[in-house]
Amino acid sequence: MTITHSSPVLPAALMLHTSKGIEHIYVHEIVRIEAISNYSKLYFANGKTLVVAKVLRWFEENQATAILLRPHRTHLVNRSYIQQYSKKKGGQIYLRNGECIEVSRRKRTAFLSSWQAAA
C-alpha cells in the first residue's frame, strides 16, 4: 500500500498486500498492469503474474516515477518495455515480450507525448 521513493541507489518500489502477505515489488520489474474490475494483474519481466486488490488509478497516483504509461483504460505499461508504436487499428504498442496493447483514441496524444518525452 505504500511506495518507496527512488534514490540514487535503489529504484522505486511498491509494497502491496496480496493473499499471501505483503510483497515488495520494484516498479522497473513490472512489464504491464491490466485492470480486472476492482483488481489489477501485474505482469513481470520473468513471466510471473500477481493479482492485487488495487485499481489502476492507485498505481498512477502513487508511483514515485514516471515509469508507467497509460495507453488504454485497462492498461498501464512500463515505458522501458515498449518496443514499437504502430498506427494499425487506431494505434497499438508492441512490447519486448511480444505482447500487443491497444492505444485508445482518447489517450493516444497524451501517451505518445509522454513516451517520446522520455526518449
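What follows is calculated from the coordinates using simple rules that are stated; it is not laboratory data. Every value quoted in this text rests on a predicted model; they were computed, and no experiment measured them. Methodologically, a virtual Cβ is constructed for each residue, glycine included, from the backbone with ideal geometry; neighbour enumeration extends over all protein chains shown.
Residues considered: 115, 58. Of these, the only one that is in contact (Cβ under 8 Å) with a residue 40 or more places away in the chain, surrounded by fewer than 18 Cβ atoms within 10 Å (Cβ to Cβ) and either outside any strand (DSSP E or B) or not small (Gly, Ala, Ser) (or both) is 115. Evaluated against (1) of a type in the set (Gly, Ala, Ser); (2) out of contact with any Lys or Arg (no Cβ under 9 Å at 6 or more places or on another chain); (3) crowded, with 17+ Cβ neighbours inside 10 Å, residue 47 falls short on exactly one condition, (3). Of the residues examined, residue 80 is one that is surrounded by fewer than 16 Cβ atoms within 10 Å (Cβ to Cβ), within 15 Å of the chain's Cα centre (by Cα) and either under 19 Å from residue 41 (Cβ atoms) or hydroxyl-bearing (Ser, Thr, Tyr) (or both). What are the residues in the range 43-74 that are of a type in the set (D, E, K, R) and farther than 23 Å from residue 115 by Cβ, if any? Selection gives 48, 54.
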